[in-house]
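Student: Dumping the structure here so I can ask a few things about it.
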Amino acid sequence: MLFLLLTTAALCSLAAGAPQYGSVQCRTEYTTLWDTEYKETETQVCTTEYEKVCKTETERLCQPTTRQECSTVYEKQCKTVYKNVCVEQYKTEYEPYTETECSTEYKEDCEYKWEGDGNNKVWAPIAGTCKKNPYETCKDVVKTKEKQVAHQVCNDVPEQKCVNVPKKECVAVPDQICTNQPIQKCKEVPRKNCKAVHKKVPVRISRKVPKKVCQHGH
């Protein structure tokens, strides 16, 4: 292909040097010619590979369990007891006594004379001679008088008697039992693997060449 391009360029050059006749008009233009060349390259091509790497470690393993946790609490216990309570109260009593009471009454006192005949004679008051005179009569009367006498009144009164009694209370609380156990841990470790790759790569090359263009006149 390179040979063909060089031959075409030579012919165009000869034509440009020839004399022009008549109505043929020519001019030189430049055109772009493309070619392909191969370039050798060498590149590093790398790939990532994973390798399993393991190691033994000690791990603390725990299991859930429960334990008893106890404490002393105090419980209030009460009972009813009876207490004999006495109070002083007063009551009314009646005491008898004898008192002499006197009263005044009025009676008429008159002058009398015999009146009548024979066996029918009676004492008859003389008119105008009567007058009322006071007469006092006394007698013993039994009476009573009130008096307040103190005395004890006792009753059984209930009351609460309480004491604090200690009591043990236990509850189950969560706990755990732990031990150290060997355990194997593995992980994928990346490793880079590279190699040289030699290859030929096509490269496009362009260049400008003269080109004769002619036109025929009338």
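Student: Quick one: with all protein chains in place, what share of the accessible area of the chain is carbon or sulfur, to the nearest percent (1.4 Å probe)?
Tutor: Roughly 50 percent, rounded to a whole number.
Student: Heavy-atom accessible area of Glu75 with all protein chains present, probe 1.4 Å, nearest 10 Å²?
Tutor: 80 Å²
Student: Highest GNM mean-square fluctuation, the chain, Cα pairs closer than 10 Å: which of Val171, Val189, Val142?
Tutor: Answer for the Gaussian network model of the chain: Val142.
Student: A follow-up question, please. What are the ³J(HN,Hα) values, in whole Hz, obtained from phi via the Karplus relation 6.51 cos²θ - 1.76 cosθ + 1.60 with θ = phi - 60°, for each residue of the stretch 100-115 in sequence order, with x given for Gly and Pro?
Tutor: 7, 10, 10, 9, 9, 10, 10, 10, 8, 10, 10, 8, 10, 9, 6, 10
Student: Please tell me which of these pairs span more than 22 angstrom C-alpha to C-alpha: Lys52/Lys199; Lys107/Lys143; Lys91/Lys139; Lys39/Lys212; Lys79/Lys167; Lys55/Lys195?
Tutor: Lys52/Lys199; Lys107/Lys143; Lys91/Lys139; Lys39/Lys212; Lys55/Lys195
Student: With a Förster radius of 35 Å, plug the Cβ-Cβ distance of Val45 and Cys186 into 1/(1 + (r/R0)^6) and report the FRET value to the nearest 0.05.
Tutor: About 0.75, to the nearest 0.05.
Student: Helix 2-17 versus the longest principal axis of the chain: what angle, 0 to 90°, nearest 10, using Cα atoms?
Tutor: 60 degrees
Student: Right, next: How high is the relative contact order of the stretch 50-208, given as a whole-number percent (alpha carbon pairs under 8 Å, six or more residues apart)?
Tutor: Taking the mean separation of contacting Cα pairs over the length of the stretch 50-208, I get 46 percent.
Student: Next question. Can you tell me which of Cys86, Cys62, Cys110 moves the most in a GNM of the chain? Springs connect C-alpha atoms under 10 Å apart.
Tutor: Cys110
Student: Give the accessible area for Asp140 in Å² (nearest 10); use a 1.4 Å probe, count only protein heavy atoms, and leave out ligands, DNA and RNA.
Tutor: 110 Å²
Student: Let me ask something additional. Kindly write out, for the stretch 163-172 in residue order, the coupling ³J(HN,Hα) from the Karplus curve 6.51 cos²θ - 1.76 cosθ + 1.60 (θ = phi - 60°), rounded to whole Hz, with x marking Gly and Pro.
Tutor: Values, residue by residue: 9, 8, 9, x, 9, 8, 10, 10, 10, 8 Hz.
Student: Now for a separate question. Which residue fluctuates the most in the chain, going by a Gaussian network model with Cα springs under 10 Å, if the choices are Gln63, Gln89, Gln77?
Tutor: In this elastic network of the chain, the residue with the biggest mean-square fluctuation among Gln63, Gln89, Gln77 is Gln89.
Student: Near the amide H of Cys26, under 5 Å away, which other amide H atoms are found, from residues 5 or more places off or on another chain, if H is placed in the peptide plane?
Tutor: Placed amide hydrogens put Gln215 under 5 Å from Cys26.
Student: Taking amide hydrogens as modeled 1.01 Å from N in the peptide plane, which residues meet the under 5 Å criterion relative to Cys130, leaving out close sequence neighbours?
Tutor: Distant-sequence amide H within range of Cys130: Glu111.
Student: Note the listed values (1) 58.6; (2) 19.7; (3) 69.3, then indicate which one is mean projected area of the Cα convex hull in nm² calculated from this particular structure.
Tutor: (3)
Student: By the scheme Lys and Arg +1, Asp and Glu -1, what is the net charge of all other residues having a beta-carbon under 12 Å from that of Glu57?
Tutor: +3
Student: While we're on this one: Rounded to the nearest 500 deg cm²/dmol, what is the calculated helix-only ellipticity per residue at 222 nm for the chain, with -39500 (n - 2.57) per DSSP H run of length n ≥ 4?
Tutor: Helix-only estimate at 222 nm: -2500 deg cm²/dmol.
Student: Collect residues whose amide H, placed 1.01 Å from N in the peptide plane, falls under 5 Å from the amide H of Lys211; neighbours closer than 5 in sequence don't count.
Tutor: Glu29, Tyr30, Thr31
Student: For a label point 7 Å from the Cα of Val87 along Cα→C-beta, name the residues of the stretch 133-161 whose backbone N is under 14 Å from it.
Tutor: Answer for the stretch 133-161: 151-158.
Student: Tyr106 to Val142: FRET efficiency via 1/(1 + (r/R0)^6), r the Cβ-Cβ distance, R0 25 Å, to the nearest 0.05?
Tutor: Efficiency computed from Cβ-Cβ geometry: 0.35.
Student: Can you give the accessible area per residue of the chain, in Å², using a 1.4 Å probe?
Tutor: Here the per-residue accessible area is 88 Å².
The values are calculated or read from the model by the stated rules, or taken from the named source; none is laboratory data. Not measured: the values here are computed from a predicted model. Quick reminder, even Gly has a Cβ in these numbers, built from the backbone with ideal geometry, and neighbours come from all protein chains shown. Ligands, DNA and RNA are excluded from the accessible area calculation, which covers all protein heavy atoms including side chains. Shrake-Rupley method; radii C 1.70, N 1.55, O 1.52, S 1.80 Å.
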